Amino acid sequence: MSKLSVEHLLGIKYLTEEDIQLIFETADQFKEVINRPIKKVPSLRDITIANLFFENSTRTKLSFELAEKRLSADVINFSASQSSVKKGETLIDTVNNILSMKVDIVVMRHPNVGAGIFLSKHVDAKIINAGDGTHEHPTQALLDSYSIREKLGSVKGKNVVIVGDILHSRVALSNIYALKLQGANVKVCGPTTLIPKYITSLGVGVETDIRKALEWCDVANVLRVQNERMDVKYFPSTREYSQLFGINKELLDSIGKEIVIMHPGPINRGVEITSDVADSDSSIILNQVENGVAIRMAVIYLLAQQIKR
């Protein structure tokens, strides 16, 4: 049995291409499981997993929880808004309290960049980063690449454009690392105020014209505008953003080629993407959701294999 080269899933930055392929092959097997009438396997019956969400999350949290239950793990859910964190408890104390309940794996989302790395150095459990600040969101990037592989046969050599708020997006950074590692060509497209200065150093092209970006790409991964992370105005208005960078059916039809449309969700319908695009045959947004469970099952399963009993 092959195993991952890493002890934790802290970011795509730390993975090899072999790790990604191993996760995908394991996810293939789990995808078959979750399409059976009985969707559970007893693989992790003796494993306890704690989901620590210090930031709001609906989709990622549900996806992880479902993946854990499909693997028959015992699950503890922890939400910071209803906890002693509000009373000033530190991250280490919170986690140590949870670990004293004999937890094997911690899935954590945290507003601070590097929280998962910090935790991995101080606690004796496998850590899965479910998003740290504006840094990385590795399982989202894995499920995105997996969905491209499923739709187009492989990621290698494909032209992928990431559209929207690159500056505040942990999904964008993880996707760039994952796509480059697998040999895809990557561009970003959005208002110049939302594209970080360092982006070209990652081997990524920058395009500020949405039409040119779409003419170039095989896949468009559309990100939402993260108003909650913006402390200043990065563009004049939502309406203007939508006119300059929004993707609608008319624009797609005028390009006259098949483009795969993706979105990590939640969608601001009518801003970055219109409903007739989100719900069209070109869109694999719902496939991404289904694949998210299989990918998270794979990651949890592979990390659990390394736990010493």
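The values are calculated or read from the model by the stated rules, or taken from the named source; none is laboratory data. Just so you know, these numbers come straight off a predicted model, no measurement behind them. Using ideal geometry, Cβ is built from the backbone for each residue, glycine included, and neighbour counts are taken over all protein chains shown.
Give region 232-251 a look and list any residue that's assigned to a loop (DSSP other than H, G, I, E, B) and within 12 Å of VAL222 (Cβ to Cβ), or say none. Talk me through it step by step, then tell me what you get.
Let us first name the residues in region 232-251 that are assigned to a loop (DSSP other than H, G, I, E, B), namely 232-237, 246, 248.
GLY246, ASN248, listed by residue number.
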Discussion item. When the residues of region 1-30 are narrowed to those that are touching a residue at least 40 places away in the same chain (Cβ under 8 Å) and among the small types (Gly, Ala, Ser), which ends up farthest from THR139 (Cα to Cα)?
Written reply: ALA27
Item to complete: Would you check which residues across region 107-126 are surrounded by fewer than 17 Cβ atoms within 10 Å (Cβ to Cβ) and among the charged types (D, E, K, R) and list them?
Response: LYS121, ASP124
Worksheet item: Any chance region 55-68 includes a residue that's more than 18 Å from the chain's Cα centre (by Cα) and within 23 Å of GLN182 (Cβ to Cβ)?
Response: no
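Residue by residue, here is whether (1) in a loop (DSSP other than H, G, I, E, B); (2) modelled with pLDDT under 95 holds:
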{"residue": "ILE38", "(1), (2)": "yes, yes"}
{"residue": "LEU44", "(1), (2)": "yes, no"}
{"residue": "GLU55", "(1), (2)": "yes, yes"}
{"residue": "GLU68", "(1), (2)": "no, no"}
{"residue": "SER72", "(1), (2)": "yes, no"}
{"residue": "VAL85", "(1), (2)": "no, yes"}
{"residue": "ILE92", "(1), (2)": "no, yes"}
{"residue": "ASN112", "(1), (2)": "yes, yes"}
Discussion item. Looking only at region 191-218, how many residues end up being in a strand (DSSP E or B) and either buried (at least 19 other Cβ atoms within 10 Å of the Cβ) or outside the structural domain of LYS156 (by TED's automatic domain parsing) (or both)?
Written reply: 1
Worksheet item: On the given criteria, is THR48 hydroxyl-bearing (Ser, Thr, Tyr), closer than 21 Å to PRO266 by Cβ, surrounded by 15 or more Cβ atoms within 10 Å (Cβ to Cβ) and at pLDDT 95 or above?
Response: no
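Test ASN221 against the criterion of being within 30 Å of GLU7 (Cβ to Cβ) and assigned by TED's automatic domain parsing to the domain that holds ILE166, and give yes or no. Break it down stepwise before answering.
Details: within 30 Å of GLU7 (Cβ to Cβ): yes; assigned by TED's automatic domain parsing to the domain that holds ILE166: yes.
It is true that ASN221 is within 30 Å of GLU7 (Cβ to Cβ) and assigned by TED's automatic domain parsing to the domain that holds ILE166.
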